[in-house]
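Single-structure report; data block below.
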Amino acid sequence: MFEHSGLDIMCLNKYCHSSSSSSSSEHDKKVFTKLKLNLSGDYPRKNAEILSGQYGTNLLLIGAALMLAIAHHDSLVKEVHLLSFITCLMILQLIWMMWYILVRDRQKNTRTEKDVHATTCWIRGGLTLLALLSLIMDAFRIGYYVGYQSCVSAVLGVYPVIHATHTIAQVHFLWFHIKDVIKSFETFERFGVIHAVFTNLLLWCNGVMSEAEHFLNNHMRRLSALGYGNLTIVHSEPLCNCTTSTCSMFTSSLYYLYPFNIEYHIFVSAMLFVMWKNIGRTIDLSSNQKRLATKTQGLSVGPLLGLLALASTIGILVVYITHVESLQTRQSAISMFYIYGIVMLVFMCFAGASGLLIYRADHIPLDTSKNPSRQLDTELLFGSSTGSWLMSWCSIVAVLSSNSSPPYLWTNFIYSLLIVLEKYMQNLFITESLYRQQVDGEREDPELPSAPEIFSVNSSLAPPYNGIINRAYETPERPCVTMENEQEESGQVYRCPRKPSEVPLPVGNKVMEPPNIKSKILKNIAVFLIMCNISLWILPAFGCRPQYDNGLEQETFGFSIWTTVLNFAIPLNLFYRMHSVASLFEVFRRV
């Protein structure tokens, strides 16, 4: 046995084959080991995501197939078959939520990671209000079934009962578990959460289909009353008499509650999708911090203009619905709507552009940390914009190719162009706001307090000392502090008097500076846009849809194609407006 110092005698040749081959084999082994670790670490998670995503997509497609069959009214597939399928899905989701809550209750001693960005109290409060309205709708459905129980299927009575139970349990789940980052039973939980996501999506699609069918029947009745023929109106009333005197009230009231039920289910599916994306995720504690309560000083112009827009919206809605039924006032009602829309959209474009200019002047870097909730918000904004963009471009094509010249021809053209521009501006403004980095002093979280700077090793409060100083002379209270530390170690504590400036501030609280002029302007812009989006949601949600009544698009594309476009675009536009309200409120809190 001997050692080599300097050059290896065995490798004096031009090429050292044994050494190179061994190093290459070791390199291959390292690459293989790394690849094996990557596959074993990431592949099962991606595999579970793909499998659960395919499962949920197929659930939605089964429901869509049943809906398409029901749309053909001579089909053997009836509404009771679709409701039976959805009822089974809701029962399965109820079983999963009960199992999840029981498992979490047994694991209450273990700390569960939370994603504070998943939702906020005001979003859950708004969803609770929408859920209450959905429960009222279920009560009306039960009353409708009681009146016609002699000639309708029992599924029509079971469905609202299960839906009400599902709504109550789901609201409880959203309040207490939607922020959970699941780290146990991950594969099973992925299937459970995605099942809940697509069950709510299917309930949303069912509500959209029912509401669109009801509005289309009302539209055809209106056209028949105005003298248009060859329109088939589908009558969906049961073939027996109602045993109570409230059936007509229940039937008419249902369609005023559909918009709230539709928004409830689409928002729940979005929140559950964020929970699904968080399964197995490692939370970055540095970015997982909420902000303190939002200050509202400086709000004046935005709320006033927003309330003015909301009040004018209510007036336009009442006038439009009452005047569009008459042949004499029909065109003036449509022209009034377009003029109102042009004024509203011009102010919204100006507000969004002003907010973008303010952000561009600040030069604050963007926040690139991983945040599934924020990413989903921006994706939904752009995705749901496609509905109204398609509707607007169809209207522009119809105006440019029209042979008739009604008084609202060019106002329809300007209104459609402004719809496209306004969504551009608003999407950019919201995205810019959500991705802006916040000042460190404004990111303190009362639930996750950070250590005060006085205990830091690199404290900026510590004065610099150069050379040797007499600490007892400089700080007369120093011996008292030393005595306190010694007494704390022995279990006896005697406090020394402190100067007022030395009293430590509460942990997690910092003195907030009053908002500057830019923050005040941005807050007013956010409030104004919130009120405007609520206004533009109210109009189509409660029957003000001039795209059905102006006749220009129907003349160009035909009745069936244009109604198909509207049935696709209007639900997306309604969701866009309500989702914009939620996103803009988050912008208001972040400013």
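The values are calculated or read from the model by the stated rules, or taken from the named source; none is laboratory data. All figures in this text were calculated on a predicted structure; none of them were measured in a lab. All Cβ positions, glycine included, derive from the backbone under ideal geometry; neighbour counts span all protein chains shown. Ligands, DNA and RNA are excluded from the accessible area calculation, which covers all protein heavy atoms including side chains. Shrake-Rupley method; radii C 1.70, N 1.55, O 1.52, S 1.80 Å.
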Grab the beta carbon distance between residue 357 and residue 568, set R0 = 35 Å, and tell me the FRET efficiency rounded to 0.05.
-> 0.50
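So between residue 132 and residue 367, what do we pick up on full extension, going 0.36 nm a residue minus the alpha carbon distance? Don't jump to the answer; show the numbers that get you there.
Working: separation 235, 0.36 × 235 = 84.60 nm, distance 3.67 nm.
Stretched fully, the residue 132-residue 367 segment lengthens by 80.9 nm.
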Please give the FRET efficiency for residue 216 paired with residue 282, using the beta carbon to beta carbon distance and R0 = 51 Å, rounded to the nearest 0.05.
-> 0.55
A chain fully extended from residue 435 to residue 51 at 0.36 nm per residue, minus the present Cα-Cα distance, gains in nm 135.1 nm
Surpassing 25 Å at the alpha-carbon level, of the pairs 114/518; 423/523; 46/183; 183/370; 114/520; 108/277, are 114/518; 114/520
Once you put a point 7 Å from the Cα of residue 68 and another 7 Å from the Cα of residue 542, both along the Cβ direction, what distance in nm separates them?
-> 3.6 nm
In Hz, Karplus ³J(HN,Hα) per residue of region 105-113 (6.51, -1.76, 1.60; θ = phi - 60°; x = Gly, Pro) | 5, 6, 9, 5, 6, 8, 6, 9, 5
Could you order 73, 579, 323, 363 so the one with the most accessible surface comes first? Probe is 1.4 Å.
-> 363, 73, 323, 579
Got a sec? What order do 98, 275 fall in by accessible area at 1.4 Å, biggest, i.e. largest, first?
-> 98, 275
When the Karplus curve 6.51 cos²θ - 1.76 cosθ + 1.60 is applied with θ = phi - 60°, which whole-Hz ³J(HN,Hα) does each residue of region 314-325 get, with x for Gly and Pro?
-> 4, x, 4, 4, 5, 5, 5, 5, 7, 9, 6, 6
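For 265, 117, give the ranking by accessible area with the largest first, probe 1.4 Å.
Values: 265 0, 117 65 Å².
So, going from the largest accessible area down, we get 117, 265.
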For region 345-418, evaluate the Debye formula with one uniform point scatterer on each Cα (no solvent term) and list log10 I(q)/I(0) at q = 0.21, 0.26 Å⁻¹, rounded to two decimals.
-> -1.04, -1.16
Label-point separation, residue 339 to residue 417 (7 Å along Cα→Cβ), nm | 2.0 nm
Once the piece of chain linking residue 91 and residue 108 is laid out straight, how much longer is it, given 0.36 nm per residue of separation minus the C-alpha distance between them?
-> 3.5 nm
In whole Hz, with x marking every Gly and Pro, tabulate ³J(HN,Hα) for region 516-525 from phi via Karplus 6.51 cos²θ - 1.76 cosθ + 1.60, θ = phi - 60°.
-> 7, 5, 5, 5, 4, 5, 5, 5, 5, 5
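Find out how many positive minus negative residues lie around residue 112, taking Lys and Arg as positive, Asp and Glu as negative, among other residues whose Cβ is under 11 Å from that of residue 112. Walk me through the numbers before you get to the answer.
Working: positive: 104, 108, 111, 114, 179, 183; negative: 113, 115, 180.
Computed value for this residue: +3.
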Residue 584: net charge of surrounding residues, Cβ under 15 Å, Lys/Arg +1, Asp/Glu -1, itself excluded?
-> +3
For the pair residue 76 and residue 224, how long in nm is the line joining their label points, each one 7 Å along Cα→Cβ?
-> 3.0 nm
With the label point 7 Å along the Cα-to-beta-carbon line of residue 312 and a cut-off under 17 Å to each amide N, the hits in region 420-439 are 422
Convex hull around the C-alpha positions of region 520-591: the volume in Å³ per residue is 88 Å³
Using modelled amide H (1.01 Å from N, peptide plane; none on Pro or chain starts), what sits under 5 Å from the amide H of residue 436, excluding residues fewer than 5 places away?
-> 367
